[in-house]
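For reference, the structure discussed in these notes is given below.
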Amino acid sequence: MEWEVVIGLEIHAQLATKSKIFSGASTQYGAEANTQACAVDLGLPGVLPVFNEEALRMAVKFGLAIDADIGKKSVFDRKNYFYPDLPKGYQTTQLHHPIVGMGHIDIELDDGSTKRINVTRAHLEEDAGKSVHEGFGSMSGIDLNRAGTPLVEIVSEPEMRSAKEAAAYFRKMHSIVTYLGICDGDLSQGSMRCDCNVSLRPKGQEEFGTRTEIKNVNSFRNVERAIESEIERQMDILEDGGSIVQETRLYDADKNETRSMRSKEVANDYRYFPCPDLLPVIIDDNYIEAVRETLPELPDDKRARFVKDHGLSVNDAAVLASDRELAHYFETVAHSANDYKLAANWVQGDVSAALNRLEISISELAVSAEQLGHILKLIKDNTLNTGGAREVFNALLEGKGDDTVASVDKLVDSLGLKQVSDTGAIEAIVEKVLADNPKLVEGYLNTPEDKRAKAIGPFIGLTRKAAAGVNPQVVMDVLKKKLSELG
Amino acid sequence: MALDQQQVRDIAELARLQLDDNQIAEYQKNLSSILDLVDQLSAVDTSSVEPMAHPLDAVQRLRADAVTEENQRDHFQQCAPQTENGYYLVPRVVE
């Protein structure tokens, strides 16, 4: 039978506020255990949560970025369950009146087309703490520093039809929240996590099949792999005439398989009710419009502009616009060199290669955008050839300069990379090369007119060998002229 | 609406309450009568009433995003039954 895959994602994104959603404790990552868990986060008796205005602003900003309805009245509810990393015995979240209603984003498919994925809703909630199961003997250790960190949970419609689409959606959401500056997007620190709802149905059937939920997948690659392995597992069961059990599963990246999180005998019932400690949050059109004013250019717009205004290919534009920092670096280089295409080639070429090789992000690169822009300017005015430019770039990477633009000029001098473009000087070198290689010259002169373009190659090599840093274009011009004078 | 004993046990489990058999019967009776009261409320026509999220006719105040809390871990951990290296210890939980 032919099966259709149905996928919906729930993405949790930590908001980049300084303090927690309901308390004045710091949200900074990596602090010593429980040093950032205050009385409110611990759920001690008598405390009162007070809502962080920045968390509200960030959630509204997100809603506007995905063209969603903004909840002018949103309400916090308590989701009740017991777990040691949730000291209050409930998570404060939004059930019936979320801050962000129906919106949508567009994802790019492999064939270059785009697909619209609707976002059902996005609501504000608090993160839980962390349990550590190693190193405490028969006990578990609980660190509540993360408890109370603001999250937006972004819930998609079940509109993705392949693991690839799901990964593209996750990537696009990552790109949007980092562009907005509302989430640092650091997947390795759990700043974004994804729950994947996966089901299969016979092609053509309208009714959804039974779904499973893969919890807490934390990389783009793992979203794709986890869903693929789950699709395979479900298909095997269905093809054998079995049925899918609705359950929560975990993805084991080492084994590349999902496994069941043993479901408890008593089905969980979260017994939601409106949180009596928090009043309804009311915002008006003025507030919403003021937030709209602060929206930056978003990835889709930037990509379109790169193509339309600067003639980049759709693929180059998509890669360069996907990440805010990378896009900013690229645009700074392009402005400084006044050449978007050359900048695109370098950022996608040498810069990307260096980032991959050194396993660093663009913000950690030792070559600043201004420096690279200056290097490209030197290529354009023929001071450097590409090889020389690469040498300067690598020297900066190796820490041989400092972070100033002047450092580029100094390296060009000290490494002796300045191209000789002076025609007189090059003529003298070329004349010597021709005089020293009479056989080659004879061979060239015996070469038919239409094959000479290729036959000129050895002379270029010899000239450049005789004087490093000569401008290849000038060499070519001089060679052609001198050789034609000979016959 | 009457609850059966298993429903009472399930609710107790969700609320982490340990009830003996006598208490189960008692809770069964009391919770059922609360539900009867809820049934009476449900019978009222509320079609023109907006659901109320909070009894106070007021709006949530917002707090500026600033870190105002200092580390009081030692103080807080005095009331914890067991701690180690700054962690609160609980009976081992593994999913």
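None of the figures in this text is laboratory data; all of them are computed from the coordinates on show. From a predicted model like this one, the values you see are computed outputs, not experimental measurements. Glycine gets a Cβ as well: all are built from the backbone with ideal geometry, and neighbour counts include every protein chain shown.
When restricted to residues that are in a loop (DSSP other than H, G, I, E, B) and in contact with an Asp or Glu (Cβ under 7 Å, 6 or more places away or on another chain), region A:2-36 contains 11. Could you list, in sequence order, all residues of region A:359-400 that are more than 27 Å from the chain's Cα centre (by Cα) and part of a helix (DSSP H, G or I)? A:LYS377, A:LEU378, A:ILE379, A:LYS380, A:THR386, A:GLY387, A:GLY388, A:ALA389, A:GLU391, A:VAL392, A:ALA395 - these are the residues of region A:359-400 that are more than 27 Å from the chain's Cα centre (by Cα) and part of a helix (DSSP H, G or I). Assessment of region A:60-70 against the conditions (surrounded by fewer than 18 Cβ atoms within 10 Å (Cβ to Cβ), of a type in the set (D, E, K, R), away from chain B (no Cβ under 11 Å) and in contact (Cβ under 8 Å) with a residue 24 or more places away in the chain) yields at least one matching residue.
One residue is enough: does region A:423-437 have a residue meeting the conditions surrounded by 12 or more Cβ atoms within 10 Å (Cβ to Cβ), within 48 Å of the chain's Cα centre (by Cα) and touching a residue at least 24 places away in the same chain (Cβ under 8 Å)? Yes - at least one qualifying residue is present in region A:423-437.
Listed here are the helices (runs of 4 or more DSSP H) enclosed by region B:5-95 that have at least 1 residues being aromatic (Phe, Trp, Tyr) and more than 22 Å from the chain's Cα centre (by Cα): B:73-77.
Within region A:137-150, residues that are more than 25 Å from A:MET192 (Cβ to Cβ) and more than 10 Å from every other protein chain (Cβ to nearest Cβ) reach no partner that is of a type in the set (S, T, N, Q) and outside any strand (DSSP E or B) with beta carbons closer than 7 Å at six or more positions or on different chains.
I'd like to verify a number: residues in region A:55-82 that are out of contact with any strand residue (DSSP E or B) (no Cβ under 8 Å at 6 or more places or on another chain) and outside any helix (DSSP H, G or I), how many? Spell out how you get there, then give the answer.
Residues of region A:55-82 out of contact with any strand residue (DSSP E or B) (no Cβ under 8 Å at 6 or more places or on another chain): A:57, A:61, A:65, A:82.
Next, only the ones that are outside any helix (DSSP H, G or I) stay: A:82.
Of the residues in region A:55-82, 1 are out of contact with any strand residue (DSSP E or B) (no Cβ under 8 Å at 6 or more places or on another chain) and outside any helix (DSSP H, G or I).
Exactly one residue among A:TYR251, A:TYR270 is within 11 Å of another protein chain (Cβ to nearest Cβ) and either aromatic (Phe, Trp, Tyr) or in a helix (DSSP H, G or I) (or both), and that residue is A:TYR270. Within region A:445-487, the set of residues being closer than 21 Å to A:THR386 by Cβ and of a type in the set (Asp, Glu) comprises just one member, A:ASP477.
Just to check your reading of the model, which residue among A:ILE214, A:ILE227, A:ILE237 is β-branched (Val, Ile, Thr) and more than 29 Å from A:HIS174 (Cα to Cα)? Working first, answer last.
Numbers: A:ILE214 fails: more than 29 Å from A:HIS174 (Cα to Cα); A:ILE227 fails: more than 29 Å from A:HIS174 (Cα to Cα).
That would be A:ILE237, the only listed residue that is β-branched (Val, Ile, Thr) and more than 29 Å from A:HIS174 (Cα to Cα).
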